[in-house]
Amino acid sequence: MFFPLSKLIFFVLTPSNFLILLGLLGCLLLFTEFGRGIGRVLTVAGFLGLLVAGLSPLPAWILAPLENRFPAFSEDERPVAGIVVLGGAVEADTSIGRDQITVNEAGEREIALADLARRYPQARLVFSGGSGSMRDDAVSEAEIVSRFADTLGVPRNRLILEQQSRNTRENALFSARMVQPKPDERWLLVTSAWHMPRSVGCFRKAGFDVTAYPVDYRTNWPRDAYRLNSFASTGLGELDIGVKEWIGMIAYRFAGYTDEVMPAP
């Protein structure tokens with residue numbers, strides 16, 4: 001029940017959705033005799049909330065602690081035994097429909113996959129990504145990456161595909177079962193910087209020791225601390241991501257999927 005319940009909760013609590021629903025409820029109450037006062041308050045709160053969330057620096061303040069938690073990977077002399085790249089960037093349905101790999105704002109994950117495959121030719125390559133859809137016939141992200149491996153410049157025969165995971169916890173569990181990492185091996189974990197704390201926590205819980213390789217930064221801290229957004233859609237999208245991630249970390253800790261709310265390096 002955790003997977004479908006999490007989808008419902010995140011839909012309602014996603015700030016942009018919540019503020020729109022709040023404003024809509026307020027507008028509806030304006031047409032009733034008993035709820036006009038409350039309706040005015042909710043309408044103003046909803047639309048004012050959209051304004052602040054979309055144009056103010058608030059999203060950067062929410063995302064920055066997540067993105068800055070783990071430092072960028074620094075090359076050293078220690079060998080890399082393997083690389084795990086988490087799904088979340090591939091638009092599977094569009095890729096199938098258009099017959100070319102299509103990525104979203106987190107496409108840096110696929111760029112990193114191609115780059116690291118070239119830089120570490122002996123490393124094992126794991127792409128962990130099933131489908132976040134609740135449809136039974138949904139195509140996995142791993143299948144898309146395999147199908148368009150040539151486009152990415154990644155040898156298909158090097159890819160270890162984990163296609164069953166639906167969330168971060170399953171990314172960690174299923175990847176660990178597939179590759180059986182040894183204690184002395186160094187494995188890089190590639191995912192969005194804002195998603196790295198929860199991801200590392202899940203991998204540690206699964207007994208899979210990883211080194212963070214964060215990509216897909218959404219903030220330029222501290223410059224963005226006092227910068228207004230040019231488009232409300234940009235701010236709302238970033239706030240949605242940040243709030244969802246903070247809720248996810250807390251929920252994962254209470255569910256026992258991680259040992260810490262905010263894992264540290």
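Among the residues of segment 96-113, how many are assigned to a helix (DSSP H, G or I) and under 19 Å from the mean Cα position of the chain (by Cα)? Residues meeting the conditions: 6. Going by the conditions given, is Glu91 on the phi < 0 side of the Ramachandran plot, acidic (Asp, Glu) and either modelled with pLDDT of 95 or more or open to solvent by 80 Å² or more (accessible area, probe 1.4 Å) (or both)? No; evaluated as a whole, the condition is false for this residue.
Identify, from the list Ala172, Ala123, Ala117, Ala112, the residue that is open to solvent by less than 30 Å² (accessible area, probe 1.4 Å), of a type in the set (A, V, I, L, M), touching a helix residue (DSSP H, G or I) at 6+ places or on another chain (Cβ under 8 Å) and under 30 Å from Arg253 (Cβ atoms).
None of the others qualify; the one that does is Ala172.
Would you confirm, using the coordinates I've provided, whether Val200 is in a helix (DSSP H, G or I), within 27 Å of Ser74 (Cα to Cα), in contact (Cβ under 8 Å) with a residue 60 or more places away in the chain and open to solvent by less than 10 Å² (accessible area, probe 1.4 Å)? Yes: the conditions hold for Val200. Among the criteria (1) crowded, with 19+ Cβ neighbours inside 10 Å; (2) at pLDDT 95 or above; (3) not hydroxyl-bearing (Ser, Thr, Tyr), the one Leu58 does not fulfil is (1).
Per-residue answers, yes or no, for (1) under 21 Å from Pro79 (Cβ atoms); (2) among the basic types (Lys, Arg):
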residue: Leu113; (1), (2): yes, no
residue: Arg124; (1), (2): yes, yes
residue: Phe174; (1), (2): no, no
residue: Met178; (1), (2): yes, no
residue: Ala193; (1), (2): no, no
residue: Ala206; (1), (2): no, no
residue: Ala212; (1), (2): yes, no
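Applying the selection to segment 94-109, what residues are under 20 Å from Asn171 (Cβ atoms) and either among the basic types (Lys, Arg) or surrounded by 15 or more Cβ atoms within 10 Å (Cβ to Cβ) (or both)?
Of segment 94-109, the ones under 20 Å from Asn171 (Cβ atoms) are 95, 101, 103-109.
Scanning segment 94-109 gives Ser95, Ile101, Val103, Ala106, Gly107, Glu108, Arg109.
Yes/no per residue for (1) open to solvent by less than 60 Å² (accessible area, probe 1.4 Å); (2) modelled with pLDDT of 95 or more; (3) in contact with an Asp or Glu (Cβ under 7 Å, 6 or more places away or on another chain):
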residue: Phe31; (1), (2), (3): no, no, no
residue: Gly37; (1), (2), (3): yes, no, no
residue: Ala45; (1), (2), (3): yes, yes, no
residue: Leu50; (1), (2), (3): yes, yes, no
residue: Gly54; (1), (2), (3): yes, yes, no
residue: Ile62; (1), (2), (3): yes, yes, no
residue: Leu66; (1), (2), (3): yes, yes, yes
residue: Phe70; (1), (2), (3): yes, yes, no
residue: Ser74; (1), (2), (3): no, no, no
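Does Leu228 fit the bill of being of a type in the set (A, V, I, L, M, F, W, C), open to solvent by less than 10 Å² (accessible area, probe 1.4 Å) and at negative phi?
Answer is no for this residue.
Could you count how many residues in segment 130-169 are in a helix (DSSP H, G or I) and open to solvent by less than 30 Å² (accessible area, probe 1.4 Å)?
The first filter runs over segment 130-169 and keeps only residues in a helix (DSSP H, G or I), leaving 141-147, 149-152, 156-158, 168-169.
In the following step, the residues that additionally are open to solvent by less than 30 Å² (accessible area, probe 1.4 Å) were identified as 141-142, 144-146, 149, 168.
Summing the residues that are in a helix (DSSP H, G or I) and open to solvent by less than 30 Å² (accessible area, probe 1.4 Å) in segment 130-169 gives 7.
Would you say Trp187 is touching a strand residue (DSSP E or B) at 6+ places or on another chain (Cβ under 9 Å), at pLDDT 95 or above, open to solvent by 10 Å² or more (accessible area, probe 1.4 Å) and within 25 Å of Tyr257 (Cβ to Cβ)? The answer is no for Trp187. Taking segment 50-86 as the range and being in contact (Cβ under 8 Å) with a residue 40 or more places away in the chain, in a loop (DSSP other than H, G, I, E, B) and not β-branched (Val, Ile, Thr) as the test, the residues that pass are Ser56, Pro57, Asn68, Arg69, Phe70, Pro71, Ala72, Phe73, Arg78, Pro79, Ala81.
The values are calculated or read from the model by the stated rules, or taken from the named source; none is laboratory data. Just so you know, these numbers come straight off a predicted model, no measurement behind them. A quick note on method: Cβ atoms are made from the backbone with ideal geometry, for glycine too, and the neighbour counts reach across all protein chains shown. Please note that ligands, DNA and RNA were not included when accessible areas were found on the heavy atoms of the full protein model with its side chains. Shrake-Rupley method; radii C 1.70, N 1.55, O 1.52, S 1.80 Å.
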